[in-house]
1. Can you tell me which residues in the stretch 222-233 are within 16 Å of P142 (Cβ to Cβ) and buried (at least 21 other Cβ atoms within 10 Å of the Cβ)?
2. If L17 satisfies all but one of (1) more than 20 Å from A257 (Cβ to Cβ); (2) assigned to a helix (DSSP H, G or I); (3) open to solvent by 90 Å² or more (accessible area, probe 1.4 Å), what's the number of the condition it fails?
3. So which pairs qualify, if the first residue must be in the stretch 141-160 and without any contact (Cβ under 8 Å) to a residue 12 or more places away in the chain, the second must be surrounded by fewer than 22 Cβ atoms within 10 Å (Cβ to Cβ), the Cβ gap must be under 9 Å, and the two must be at least 6 apart or on different chains?
4. Of S66, S98, which residue is hydroxyl-bearing (S, T, Y), over 19 Å from F215 (Cβ atoms) and either open to solvent by less than 70 Å² (accessible area, probe 1.4 Å) or in contact with a Lys or Arg (Cβ under 6 Å, 6 or more places away or on another chain) (or both)?
5. Would you confirm whether any residue within the stretch 21-29 is within 22 Å of E207 (Cα to Cα) and either among the hydrophobic types (A, V, I, L, M, F, W, C) or surrounded by 18 or more Cβ atoms within 10 Å (Cβ to Cβ) (or both)?
6. Got a sec? Which of A177, A182, A216 is more than 29 Å from N59 (Cα to Cα), open to solvent by less than 50 Å² (accessible area, probe 1.4 Å) and either among the acidic types (D, E) or in contact with a Ser or Thr (Cβ under 8 Å, 6 or more places away or on another chain) (or both)?
7. Taking the stretch 239-274, which residues are surrounded by fewer than 23 Cβ atoms within 10 Å (Cβ to Cβ), hydroxyl-bearing (S, T, Y) and at pLDDT 85 or above?
8. Take the stretch 211-262 and flag every residue that is assigned to a helix (DSSP H, G or I) and among the polar types (S, T, N, Q).
Amino acid sequence: MVSPSVLVLLVWMAVPLAMTLYFSLIRYNLLYPGDNDFVGLENFTFFLTDEGFSAGMTNTLLLVCSVLIISVVVGVLIAVLVDTPFWGRGIVRVLLISPFFIMPTVSALVWKNLLLHPVSGVFAAVWRFFGAQPIDWFSTYPMEAIIMIVSWQWVPFAVLLLMTAMQSLDQEQKDAARLDGAGPVSIFWHITLPHLARPIAVVVMIETIFLLSIFAEIFTTTGGGPGYETTNLAYLIYSQALLQFDVGLASAGGLVAVLLANVAAFILIRMIGKNLTDKA
């Protein structure tokens with residue numbers, strides 16, 4: 001039973017990869033059918049030297065790093081706060097993790113039309129309440145708006161893992177520290193934070209893999225603009241494949257993105273996997 005499963009899995013992975021590699025080596029634009037000459041590495045050279053590539057790389061790194069920092073910091077604070085017993089804690093926990101289960105396109109539309117809209121949005125109403133001029137977020141601060149939307153979706157994932165980890169924290173150790181005169185900040189720094197090191201490492205590793213391919217939020221709100229200000233690698237490949245109809249160039253970009261994702265995954269697994277093994 002194992003061999004056929006492995007064979008199916010290899011075919012499932014190898015066939016699309018082989019087709020992508022083939023298309024990346026030929027001139028294949030849907031606007032010019034029949035003109036499919038072999039061009040070697042020309043598509044890769046064009047993709048890597050395009051002005052959109054450097055912008056896409058920069059925006060991808062900015063988006064991933066920003067969301068990771070926000071997720072970990074806010075996730076840790078929320079997990080510590082809701083670990084204290086209070087009335088309605090179960091309902092609060094469910095509400096905290098609920099944004100993670102909303103489709104990215106839906107959450108992007110909610111933020112675009114109900115929260116960040118410069119005329120009818122909630123943020124605009126708050127700005128006007130304090131006598132300030134509402135901000136057109138997607139024109140003035142497009143990347144910051146994308147980071148807010150994506151963070152709103154992924155902070156609950158961090159909260160979910162960290163809340164679960166908090167359940168296994170030894171309360172007797174905290175009580176003993178209080179008896180010794182340790183304050184809340186000292187207990188958090190010397191007991192709670194080291195206890196959360198492993199789940200934080202897992203959050204960073206999993207979120208990084210998914211954040212590298214963020215697409216729906218950008219497509220729904222800014223369309224990668226203005227200019228290349230919110231274009232990441234995933235959106236750059238989409239624009240070349242479905243807006244310029246250049247399948248060969250998009251295939252080369254896809255292979256470059258796969259290579260970069262594998263490099264990032266290798267580094268993360270080496271760093272975080274070693275961290276997890278050392279603490280096991």
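The values are calculated or read from the model by the stated rules, or taken from the named source; none is laboratory data. Everything numeric in this text was worked out from a predicted model, so none of it was measured. Please note: Cβ atoms are built from the backbone with ideal geometry, for glycine as well, and neighbour counts cover all protein chains shown. We work out accessible area using only protein heavy atoms, side chains counted, and drop any ligands, DNA or RNA first. Shrake-Rupley method; radii C 1.70, N 1.55, O 1.52, S 1.80 Å.
1. T222, G224, T230, T231, N232
2. Single failed check for L17: (1).
3. If the second residue must be surrounded by fewer than 22 Cβ atoms within 10 Å (Cβ to Cβ), the pairs left are Y141/I135; E144/S66.
4. Result: S98 is the single residue among S66, S98 that is hydroxyl-bearing (S, T, Y), over 19 Å from F215 (Cβ atoms) and either open to solvent by less than 70 Å² (accessible area, probe 1.4 Å) or in contact with a Lys or Arg (Cβ under 6 Å, 6 or more places away or on another chain) (or both).
5. no
6. A177
7. Within the stretch 239-274, none qualify.
8. T220, T221, S239, Q240, S251, N262, listed by residue number.
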